[in-house]
1. Among A:147, A:287, A:189, whose Cα projects farthest towards the positive end of the dipole of chain A, with charges put on the beta-carbon of Lys, Arg (+1) and Asp, Glu (-1)?
2. Between the range B:223-301 and the range B:50-83, what is the separation of their alpha carbon centroids in Å?
3. Kindly sort A:51, A:107 by accessible area of their heavy atoms, largest first, with the probe set to 1.4 Å.
4. To the nearest 20 Debye, how big is the dipole of the range B:292-403 about its Cα centre, given +1 on the beta carbon of each Lys and Arg and -1 on that of each Asp and Glu?
5. Please list, in chain and number order, the residues 5+ apart from residue A:307 or on another chain whose amide H is under 5 Å from its amide H, with Hs placed from the backbone.
6. So what's the angle, to the nearest 10 degrees on a 0 to 90 scale, between helix B:331-345 and the longest Cα principal axis of chain B?
7. With a point put 7 Å past each Cα toward its Cβ, work out how far residue B:70 is from residue B:193 in nm, to one decimal.
8. Along its three principal axes, how long is the range B:129-176 when you only count alpha carbons? Whole Å, largest extent first please.
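The values are calculated or read from the model by the stated rules, or taken from the named source; none is laboratory data. Small disclaimer: the values here were computed from a predicted structure and weren't measured. When we count neighbours, we look across all protein chains shown, and the Cβ atoms used for this are built from the backbone with ideal geometry, even at glycine. Areas reflect the complete protein model, heavy atoms only, side chains present, ligands, DNA and RNA absent. Shrake-Rupley method; radii C 1.70, N 1.55, O 1.52, S 1.80 Å.
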Amino acid sequence: MQRRHLLKLMGAAPLAGAAGRLMAAPAAGNAKLLVVFLRGAYDCANLLVPIASGTTDDFYRSARPTIAVPRPGQPNGALPLDAHWGLHPALATSVMPLFQKQQAAFIPFAGTDDLTRSHFETQDSIELGQALDRGRDYRSGFLNRLAGVLGAGPLTAVSPMAFTDQLPIALRGDAKAANMALGSVGRQAIDARQSKVIEAMYRNTKLAQPVVEGFAVRDEVQRAVKEEMEAASRNAMTSKGFELIARRMARLMRERFDLGFVDVGGWDTHVGQGAGTGYLANRLEELGRGVAGFAEEMGDDAWRDTVVVVISEFGRTFRENGNKGTDHGHGTVYWVLGGGLAAQAGGRVLGEQVELSQANLFQNRDYPVLNEYRAVFGGLFARMYGLSPAQLDRVFAGVAPRDLRLV
Amino acid sequence: MTTLRAAVGLGVLGACALVLLTGCSTGPGSGRAVATVTLPVAPVDEATRLLWLNRVSWGASTATEAQLTRRGLGPWMREQLNPRPAALPTAAQAQVDGMTISRTPVDQLAIALEAQRKAADALPDEDQKKAARQAYQQELNRLSREAQQRFVLRALYSPNQLQEQMTWFWMNHFNVNVRKDNLRALIGDYEDSAIRPHALGRFRDLLGATLRHPAMLRYLDNAQNAANRINENYARELMELHTLGVGSGYSQADVQELARVLTGVGVTLRATDEPAPRMRPALAEDYVRRGLFEFNPQRHDYGGKTLLGRPITGHGMAEVDEALDRLARAPATARFISRKLAVYFVADEPSQVLVDRMADTFTRSDGDIAAALATMFSSPEFSASLGHKFRDPVHYALAGVRLAYDDRVVKNTAPLIGWINRMGEPLYGHETPDGYPLTQSAWASAGQMTTRFEIARAIGANGAVLFRTDDGAPLERPAFPALAESGAVRAALPGLGADTRAALADARSPQDWNTFLLASPELMNR
């Protein structure tokens, strides 16, 4: 029963149970969530490749004369996931094994109803997670509101962390959140005494909290990296790029942080994106290695209580453009990974779907959004943390959660 | 301060628009209205002068403070808004003059590099090929490093401080990223010929100059945009980020129509003396080449187009300019640009009243940037905001070095560029076309603060690295600046908060004192 580790938080309460606030069991702090944001709108139609033979496959290949991923069985061909979808071959040794172990799932036709097709507008609006038809509060991201709800409810203390050099909008808000990029961790230049003096300088300013939190996180990260160095001398760690960052994230999340955020750029492929190999394939390969490295570094126990969700602001045009690339589209594919994905979710392609045909393209251009992201996240949060409708409403106001029974 | 008012002679702006490119922004007598700031008549005290300096320049220094005191705030501001060409201090100018990007026109540079790239690819021996490709990449890296160094030297020492700040602002507004393609070879010229000359000029000229620059056309893929092979990338960002602003009323159909307008607008790396490509005479008339810029009629979609509800009537490049006129003069553009300027210079959430007044000036002056800025500088909102705008990393690093070393010219800008990189705002390094955010919430995170304190220590305890010309040479002694001796610091001390003064009193060494001062909450703001 893979669900039990995540569901232990919920006790006997059903989804959206009346109690909402759950017993403060000792294990209440175990559930961990990492959101990976692919900035630049990755081409989801080459991540999940339509492989159903016949019209769908024909439509995919005729829309993408030079960038279609080859059919399963062909060199660099898609890896079949079910009767309809294949996975990009660059993920053969990283994400595919997780999928086969029922530790990965995909949700196509996911995204936001925001239709600007602007990267920046849509990234902001997703990170804010607020209604589109009202004024926005740019100081309140959805992960920060989740942290607020959890800190006051199911978890006695929640420790959010962005593994980025700027605090992302998703984590801005009232709940305290730290950030630090892990790509290059330098020598500590400010010693303990100086840190104290500087903290005192800021104690009566609005920056007091980030200053204190910054020093605390710096010390944690230094310690984790020191361990990594020590481990490396015994068991040489060769990872680099995103995989190195992902493995560091795992060490920190295993020990210290419950709620993580990281972003990965480089997905805006207007020109020459490639097919089974090429630019996009290389990006996917690096991402896949990172995700698999994260799972491995977490270790079986912590991984069972962890959910990783990979999102992007939107998808791209279904048809390739004049430059063997793709332009801005609408619906995309979300990834959900975790050692405790439910039996009915792990190893599956989930959510509302529609057959791929010209008639079903949104504005004759791209994927429609059938699985609105706030509803999907709401359903996940309800299950992971046993949130009540009132608590969920504080995270995503006015949104009915969609329960995909992910965990 | 008394009520303030913008004083911009709008009467002669019509004439100005025609001559702006030929020196309109050089000041009085050139035909352009001189943008001036209306200031209170009472003399301003030293503390107020420091506040203005910290906002209008890249950071207060004793030398600039003396310059401002000598000229008086009003005349100094007029000079800032209407800069005349001015040399850098000799030691800085010599560094700039020695750079390849200063000596070689960009078209020569790019064409030669393209030849080098092709020659490398054609080598039969794999090892030789690898070495030649590496040499090509290293040359590109060296050129973009030169551009960074030149920017830093100008920001530190140019008397035209406002022009330098505006150059950064527009580089950010019209952001390109050097990691793409051969942009490392183009970036210096993009800044020097497309951005800086128009930084305080007319917005329409600036917009037109960015559209005609190969850096922009490459970065946003318009060099690939051709009839029946549409690439929407540039068209979208042109409306969303450069002019109208997202949500201002244009549609997906407008994006597609503008992309069609922009077909054929591209880049050529053919030798400058090579004849134009052969094409039908009717089309050949429309062919345009200027440097690396090329409008190729064979790639252009000559069909009828509608943009923002009105047809486009011109043809060829005239069509493109018609579209730019429409975008540059749209009321949404005046509001969008004015707001962004106010965010940069006044407050993260500028008052709508201020933005409206700036937009009004912008519209009435046909997009005169200095005029819109003059309205802003004259406003009570601006005076009230002094000292309260959080420094982004570039401001923070440059202000620290200006304060620490005044007009003593650094010999090695690499450490400073490294500090800027560490804080996450590398020059020409923002990946996406939106540019870096300009607000405190983006830069005041926990991780950022810790990094800033480390940089405060680097400047305060080890700043002599800026004067070490090669890595082998020993650092001079002492290796830190005499911050406590600086006139600007002494003038600022009484204004520091009690907690900051207590920290300074806790310092155990001059290096410690410098570090705490540079790490203080007051130094985070401008």
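1. Farthest towards the positive pole: A:189.
2. 42
3. Details: A:51 30, A:107 0 Å².
Descending order: A:51, A:107.
4. Working: 13 positive and 14 negative charges, 46 e Å.
The calculated dipole for the range B:292-403 is roughly 220 debye.
5. The list, which skips near neighbours in sequence, is A:32, A:33, A:34.
6. Here the helix axis deviates by roughly 30 degrees.
7. 3.5
8. Principal-axis extents of the Cα atoms in the range B:129-176, largest first: 46, 23, 8 Å.
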